[in-house]
Amino acid sequence: MTELHRDEFRDLAEQFYRLSKELGDYRFSHWEELGKTERLSVESMEWSLLNASSDLTAAAIDLTLDDLKPVVKRVSASTRKMKTAIRKASRAKDVLKIAAAAVELCSAIVSGSPSAVAAALERAIKASS
């Protein structure tokens, strides 16, 4: 069984926290352009990522996962790519697509399922391309 170290979980948690902050920054800087439903959707995703980040911090204490350690670098690269894509997005629809993929990826990591992580990682990469 491959064990992710506490520092690696903490790093992932911080990356998803920063992604949630990027969504918040997007929401406020595009406030007038977003409709009420879009603002609420972005905010919901923002909170989902923040909560998932907290879950990853808690997971740092006692979670071990089979075959997940090799994808940590890919997850890190993916979160950086999603943050950049959010900053560059011109449509709320695109931001929501990226945010949904990020929430799915973070949830997959918390679930401990390597196959779920791999599938969610592919969707996250696609969403931010």
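The values are calculated or read from the model by the stated rules, or taken from the named source; none is laboratory data. No experiment lies behind these values; they were computed from the predicted model shown. FYI the Cβ positions are ideal-geometry reconstructions off the backbone, even for glycines, and counts take in every protein chain you see.
When the residues of the range 85-99 are narrowed to those that are touching a residue at least 60 places away in the same chain (Cβ under 8 Å) and of a type in the set (Val, Ile, Thr), which ends up surrounded by the most Cβ atoms within 10 Å (Cβ to Cβ)?
Ranking the qualifying residues of the range 85-99, first place goes to Val95.
Pick out the one residue from Ala102, Ala120 that is in contact with a helix residue (DSSP H, G or I) (Cβ under 9 Å, 6 or more places away or on another chain), buried (at least 20 other Cβ atoms within 10 Å of the Cβ) and free of Cβ contacts under 8 Å to residues at least 40 places away in the same chain.
On the way: Ala102 fails: free of Cβ contacts under 8 Å to residues at least 40 places away in the same chain.
Result of the check over Ala102, Ala120: Ala120.
Could you identify the single residue in Ser115, Ser78, Ser107 that is polar (S, T, N, Q), at pLDDT below 90, under 11 Å from the mean Cα position of the chain (by Cα) and part of a helix (DSSP H, G or I)?
Ser107
Name the single residue that is modelled with the lowest pLDDT among those in the range 66-75 being closer than 13 Å to Leu121 by Cα and surrounded by 12 or more Cβ atoms within 10 Å (Cβ to Cβ).
Leu68
Only residues that are among the charged types (D, E, K, R) and either surrounded by 12 or more Cβ atoms within 10 Å (Cβ to Cβ) or modelled with pLDDT of 85 or more (or both): list them for the range 21-65, please.
Within the range 21-65, Lys21, Glu22, Asp25, Arg27, Glu32, Glu33, Lys36, Glu38, Arg39, Glu43, Glu46, Asp55 meet the criteria.
Taking the conditions exactly as written (in a helix (DSSP H, G or I), over 21 Å from Phe28 (Cβ atoms), touching a Lys or Arg at 6+ places or on another chain (Cβ under 6 Å) and modelled with pLDDT under 85), does Ala101 satisfy them or not?
It is false that Ala101 is in a helix (DSSP H, G or I), over 21 Å from Phe28 (Cβ atoms), touching a Lys or Arg at 6+ places or on another chain (Cβ under 6 Å) and modelled with pLDDT under 85.
Pairs, please: C-beta under 9 Å, at least 6 apart or cross-chain, first residue under 15 Å from Asp94 (Cβ atoms) and in the range 28-44, second hydroxyl-bearing (Ser, Thr, Tyr) and surrounded by fewer than 12 Cβ atoms within 10 Å (Cβ to Cβ)?
Correct list of pairs: empty, since none qualify.
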